[in-house]
Amino acid sequence: MTGDAVVVTGLGLVTPAGIGVKTSWDRVCRGVPTAARDPEIEGLPVDFSCRVPDFDSCLSAIGRQPWRLDRYTQFALAAAQEAIQDAGLEPEDWDRPRVGVVVGTAAGGVGTFEREHKRLLGKGHALLSPALMPMFLPNMAAGQLAIAFHATGPNLSASTACASGATAIGLALSLLRAGSCDIVLAGGAEAMITPLCTAAFAKMGALSRRRDDPERASRPFDSARDGFVMGEGAAILVLERYGHAQSRGALPRAVLAGYGASADAHHAVAPHPDGRGAELALRRALGDAGAAPEEVGHVNAHGTSTTLNDLTESAAIARVMGPAAPAVTSTKGVTGHTLGAAGAIEAAFTVLSVQNGLIPPTANVQSVDPAIELDVVTGAARPAQLQLALSNSFGFGGHNVVLAFGTADCLSGGT
Amino acid sequence: MSDIYPSLVQFLREPPFEVTAEITRDATFNDLDVDSLGVMELVIWICEPLGIDPDDIETPHNLTVQALLDQVEKLSPDGTK
């Protein structure tokens, strides 16, 4: 492993499982679901979701005038603040043009957009908020992070639906390998639990209808799964080349060893029935990491709890891994599906699994679907020494992204 | 002017504006660190309850608190001061 390896030196999380890495990780490892009835979507066919708890109480900590930021940008800022602190970095001191930002989101500030559209219809154009556009645009989380933390390097947003956060991390890896940056803040953010978006997902039959038992509605890989549960949140990872991290005495949490991407080129929302696109992304991530399937000890699956995704994804994993059969989990049983943030949030959980040697359970699984021939971790978190773990993310449009994270132990003395 | 001025000061002290600088009638919104979007937002907040069309208020770069109050007073249907 050389100084050019890309390492994760900081994590920040805002998830339905809690605000902050420790709180979120602890709840995910205990497998305690977060889905609950949601007054903001009352009266819709699906009236429950996975919300970030008590987020408004931290707004004052994310800088001046947080009210002029959409909720998804607020999440991104809070996560970035934690990640930067975790990495031991001081934005006032860093080499600004060498710091990049890449943030993924599926829908950007759609909550603001919906609110202002309602205002337009009800009160007319003259009373529209002039802040609508800068709050709504999907590139604004990346832009606001740059403003808040004085990062004047490359600044990008990624939109690949529910793979957005993972795509952002993959793009960041490319920037670092190309030498365009020393540090990249990369991740995803989403705040899409709005009446319109919830109704739209419900209309297409993507959401669980388990209204009588919302807490157990998100049940990836379970025989009785019937759809996903809307979630929200953000994760930001501080990524840097190992040589840069070493030069400032930072301790990597893990190595970002590989990135694989592909397109199904099949259907707008349905995955390819054989999981061909997912398989290609898995093989590419392994190839990029220079690893063999048997080196993979764990896969944090996309595992949405929809009938189709879980089936096609498990088939793809089984084909690629063969008899190696790594332990598979989906943390969406706890967090719900955080959409454009999911790829980043689950990447962070994968980093924590590699670092702590612990695989969280898939919550709410009572009976694994017999068609899913995987070693699904259920019940309790499973200890495991992991050399390499994968995080899968797939999005509407047929986007497939797989990230590979390796243990930081391989860095010691080897550079 | 005495009716609107205290409300305007209160608006400016609270979210989303959160002005911490001293607010005087002669101060420009630039002095108060309220950017152009913020000024437009403030105009909407003031105009809506008074039934004034916010698009009738001019918001040049050097707009002062007093100049804004003058425009609102002129356009107010009941001559609110």
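Based solely on its DSSP helices, what 222 nm [θ] is calculated for chain B when runs of n ≥ 4 H residues each add -39,500 (n - 2.57) and the sum is averaged over all residues, nearest 500 deg cm²/dmol?
Calculated at 222 nm, the ellipticity per residue is -14000 deg cm²/dmol.
With all distinct Cα pairs included, what does the Kirkwood hydrodynamic radius of chain A come out to in Å, to one decimal, could you say?
Mean inverse Cα-Cα distance, inverted, gives 20.7 Å.
Between residue A:270 and residue A:380, what length in nm is gained on full extension when 0.36 nm per residue of separation is reduced by their alpha carbon distance?
Extra length available between residue A:270 and residue A:380 comes to 36.5 nm.
For chain A, modelled as a GNM with alpha-carbon contacts under 10 angstrom, which of A:246, A:81, A:65 fluctuates the most?
A:65
Name the long-range amide H neighbours of residue A:156: under 5 Å, sequence gap of 5 or more, or other chain; modelled H, no Pro or chain starts.
A:101, A:102, A:103
Nearest 5 percent is fine: what portion of the DSSP beta bridges confined to the protein assembly as shown is antiparallel?
If I count the DSSP bridges inside the protein assembly as shown, around 65 percent turn out antiparallel.
Using a 10 Å cut-off around each Cβ of peptide A:123-131, what is the average number of partner chain Cβ atoms that fall inside?
That average works out to 5.
Which of the peptides A:128-138, A:25-35 is most tightly packed, and how do the rest follow, judged by the mean count of other Cβ atoms within 10 Å per residue?
A:25-35, A:128-138
For residue B:30 and residue A:152, what does the FRET efficiency come to when R0 = 30 Å and r is the distance between their Cβ atoms, rounded to the nearest 0.05?
Rounded to the nearest 0.05, the efficiency is 0.80.
Find the sum over both chains of the accessible area lost when B and A are paired, probe 1.4 Å, and report it in Å² to the nearest 100.
That pair hides around 1300 Å² of surface in total.
Keeping all protein chains in place, calculate the accessible area per residue for the protein assembly as shown (probe 1.4 angstrom), answer in Å².
Normalised by residue count, the accessible surface of the protein assembly as shown is 38 Å².
Rounded to whole Å and ordered largest first, report the semi-axes of the equivalent ellipsoid of chain B derived from its Cα gyration tensor (root of 5λ).
Each semi-axis is the square root of five times an eigenvalue, giving 19, 13, 12 Å.
Straight distance only, please: which aspartates and glutamates reach the Cα of residue A:123 with their own Cα at less than 20 Å, same-chain residues fewer than 8 apart left out?
Candidates past the 8-residue exclusion: A:114, B:41, B:48, B:53, B:55, B:56.
Lysines within cross-link reach of residue A:203: Cα-Cα under 22 Å, excluding same-chain residues under 8 positions apart?
A:118, A:332
With a point put 7 Å past each Cα toward its Cβ, work out how far residue B:48 is from residue A:367 in nm, to one decimal.
Output for this residue pair reads 5.3 nm.
Arranged from highest to lowest average of other beta-carbon atoms within 10 Å per residue, in what order do the peptides A:207-220, A:294-307 appear?
A:294-307, A:207-220
Averaged across B:47-55, how many Cβ atoms of other chains sit within 10 Å of each residue's Cβ atom?
Counting Cβ atoms of other protein chains within 10 Å of each residue's Cβ and averaging gives 2.
The values are calculated or read from the model by the stated rules, or taken from the named source; none is laboratory data. Since the structure is predicted, the reported quantities are computational estimates derived from the model, not experimental observations. Backbone-built Cβ (ideal geometry, glycine too); neighbour counts: all protein chains shown. For accessibility, only protein heavy atoms count, side chains too; no ligands or nucleic acids. Shrake-Rupley method; radii C 1.70, N 1.55, O 1.52, S 1.80 Å.
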